[in-house]
Amino acid sequence: MAVSRTFSIIKPDATAGNLTGAINKVIEDGGLRIIAQRRIRMTQVQAERFYAMHAERPFFGELVEFMTSGPVVVQVLQGENAVPRYRKIMGATNPAEADEGTIRKLFAKSIGENSAHGSDSDENAAIEIAQFFSEGDIVG
Ligand code: CMP
C-alpha cells in the first residue's frame with residue numbers, strides 16, 4: 001500500500017470543546033501522521049470556496065455559517081491509504097451512524113456539527129491541501 005496524504009479539518013464544535021488533542025490522539029492511534037497543522041478562523045470566502053461542491057444543497061448556508069463560527073484546525077495527514085484510512089477513523093458523516101471508537105461517535109453532536117472533515121479522494125485531497133498549505137509548510 002502506498003503512503004499518501006489527506007486533508008483534515010477539526011471543526012468549530014470540537015475546538016469549542018477543547019478536543020484538538022483528543023482528536024489528534026485518535027488520528028495518530030489510527031496510524032496517520034500529522035505532517036502539517038494550523039489553527040485558523042476560516043473566512044466566509046474560504047468556507048464558500050472550500051465547500052463550493054455543496055453550494056446547491058439546502059444546508060450550504062448553515063454549513064458555511066458553522067465553519068466560520070469559531071476556530072478550526074486545518075491539517076495534512078500522511079499514512080498508508082490516507083484518504084480511506086482517515087474516513088474510517090472519522091466514522092460516518094452522521095454521528096448517529098458512526099462506528100464505536102470513531103471521532104464522530106466519540107465527539108460529534110450532529111450531522112452538521114460533526115467534529116471533523118476528511119477528503120473523499122486523493123484528487124480532492126491535493127486540491128484541499130493546496131487551499132490552506134504550501135509545500136514548505138508540510139514536513140513529512
Ligand atoms: P464534511 O465532510 O465537512 O463535508 C460536507 C459537510 O456537510 C459534512 O461534512 C456535514 O458536516 C455537512 N452536512 C452534510 N449533510 C448535512 C445536513 N443534512 N445538514 C447539515 N449539514 C450537513
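The values are calculated or read from the model by the stated rules, or taken from the named source; none is laboratory data. Every value quoted in this text rests on a predicted model; they were computed, and no experiment measured them. Don't worry about glycine lacking a Cβ; one is built from the backbone with ideal geometry, like all the others, and counts go over all protein chains shown. Note: areas computed on protein heavy atoms with side chains; ligands, DNA, RNA excluded. Shrake-Rupley method; radii C 1.70, N 1.55, O 1.52, S 1.80 Å.
Numbers at a glance
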item: Test: residue in region 124-140 that is in contact with a strand residue (DSSP E or B) (Cβ under 7 Å, 6 or more places away or on another chain) and modelled with pLDDT under 95; result: yes
item: Complete set of residues in region 100-118 that are basic (Lys, Arg), open to solvent by 50 Å² or more (accessible area, probe 1.4 Å) and within 18 Å of Phe59 (Cβ to Cβ); result: Lys109
item: Pairs where the first residue, in region 46-57, is within 14 Å of Ala130 (Cβ to Cβ) and in contact (Cβ under 8 Å) with a residue 12 or more places away in the chain and the second is near the ligand (Cβ under 9 Å from one of its atoms) and not basic (Lys, Arg), C-beta under 9 Å, 6+ apart; result: Gln46/Met67; Phe50/Ile9; Phe50/Met67; Phe50/His117
item: Set Ile27, Ile9: member being part of a helix (DSSP H, G or I) and either open to solvent by less than 10 Å² (accessible area, probe 1.4 Å) or out of contact with any Leu (no Cβ under 7 Å at 6 or more places or on another chain) (or both); result: Ile27
item: Positions within region 58-83 being open to solvent by 60 Å² or more (accessible area, probe 1.4 Å), out of contact with any helix residue (DSSP H, G or I) (no Cβ under 6 Å at 6 or more places or on another chain) and in contact (Cβ under 8 Å) with a residue 12 or more places away in the chain, in sequence order; result: Phe59, Glu62, Glu80, Asn81
item: Single residue of region 59-118 satisfying the filter (part of a helix (DSSP H, G or I) and small (Gly, Ala, Ser)) that is nearest to the ligand (Cβ to nearest atom); result: Gly61
item: Subset of region 39-57 (residues that are assigned to a helix (DSSP H, G or I) and open to solvent by less than 20 Å² (accessible area, probe 1.4 Å)); result: Ala47, Phe50
item: Count - residues of region 119-136 that are open to solvent by less than 40 Å² (accessible area, probe 1.4 Å) and in a loop (DSSP other than H, G, I, E, B); result: 3
